[in-house]
């Protein structure tokens, strides 16, 4: 099994109201996607197409939007706020982003990234005549590790967690690692080609056999009752 | 730029004292590694080759070893302990693992995974005549997200963090995402082929242009003074 990760190139600058799914289908054409491939789309172009941005002329306006987008503020350090978003994600500054956007605008997370992923998947599948999974990614920090990694904030067409409960290892012993966050691993893999300075907003991952099903990225959120570090 | 992730197959069961680097070089032969490829090796075979396992006849013995391997216990919930390891990693049960090992043994983390990665790299490079990076991976949980992902616990031949400070986006604006944990992203990508039930203990990642340098996986540990969630 060889997995390949290819950049989806040739997309124009995305603007509010753009039919992103159709544009992705066109851009994917030369890659000849196959049934079972995963289309990974970075959050920013999804948010832009959905018009999820707001004017913010200065730092104070930006801070105000971060607070409005937060369901709760978990920690503050200087200009950084670690927040719980309306979706249930825990990330820096409610995921509100200032880079890669024109003028004095900031980009919010999509209102419902799972729904965005679903809509993109259905339309790309129709356009290309193949069955895909779609993952929408954003770049999040981690509690105890330096550096950021891309994670899945929207999922459609696959289960985001590979459930190995009951599986046994080579020695017949039940596996200790029972739930693998494969959608996050695919998101991280895709970032290697969609990296922030590259200008590539999407990638196609081929060759990985994911569990089919109607999963959602919100399945990846640890329920507050199980969260020991909030 | 296409990135490929290929399984390294054909390794025998690894035992204490095995010359793992030479065995990896042999197993890599058919994949014809090129300069700049990344060899990803899962922790368990490194620990086994180094003899980093101990007898544990029952749950109490296992718990005792978890405590001994911990520099600090951060949280407990039922049988689960979230610990700070001697290396500085924060993970479940000090990284002590019971699956994929013969008999009543448990496998510890390598004593110095960066050093292990360095030794493997030097010997595989000599054996194959190519220049590589090596990442040793383990499977860790995350504070706020369900499911586990593979991360880098040992690194050699590359910088584990891509530093984009000072880079600008397509609109000339300085990037907000300035440090990307690329070694963790490569580790996560590799898990898609080394998955726990697959029996594949290593992968070769090709086509990614990482920053060369003498990095260490310990560079990925957030310094305690910056840690808001310990």
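What follows is calculated from the coordinates using simple rules that are stated; it is not laboratory data. Quick caveat: nothing in here was measured; it's all calculated off a predicted structure. Neighbour counts run over all protein chains shown; Cβ positions are idealised from the backbone, glycine included.
If I take every Cα pair under 8 Å that is 6 or more residues apart in chain B, average their sequence separation and divide by the length, what percent do I get for the relative contact order?
Normalised by residue count, the contact order of chain B is 27 percent.
For chain A, list log₁₀ I(q)/I(0) at each q in 0.13, 0.16 Å⁻¹, using the Debye formula over Cα point scatterers of equal strength and ignoring solvent, two decimals each.
-0.78, -1.15
Starting from the 7 Å offset along Cα-to-Cβ, what nm value, one decimal, do you get for the label separation of residue A:86 and residue A:212?
Here the modelled spin labels are 3.4 nm apart.
Taking the Cβ of each residue in A:158, A:228 as the centre, tally the other Cβ atoms inside 10 Å and list the residues starting with the fewest.
Taking fewest neighbouring Cβ atoms as first place, the list is A:228, A:158.
To the nearest Å, what is the center-to-center distance of segment A:74-124 and segment A:183-230, using C-alpha atoms only?
When both Cα centres are located, 14 Å separates them.
What number results when the radius of gyration of the protein assembly as shown, computed over Cα atoms, is divided by 2.2 N^0.38 Å?
For the protein assembly as shown, the normalised Cα radius of gyration is 0.95.
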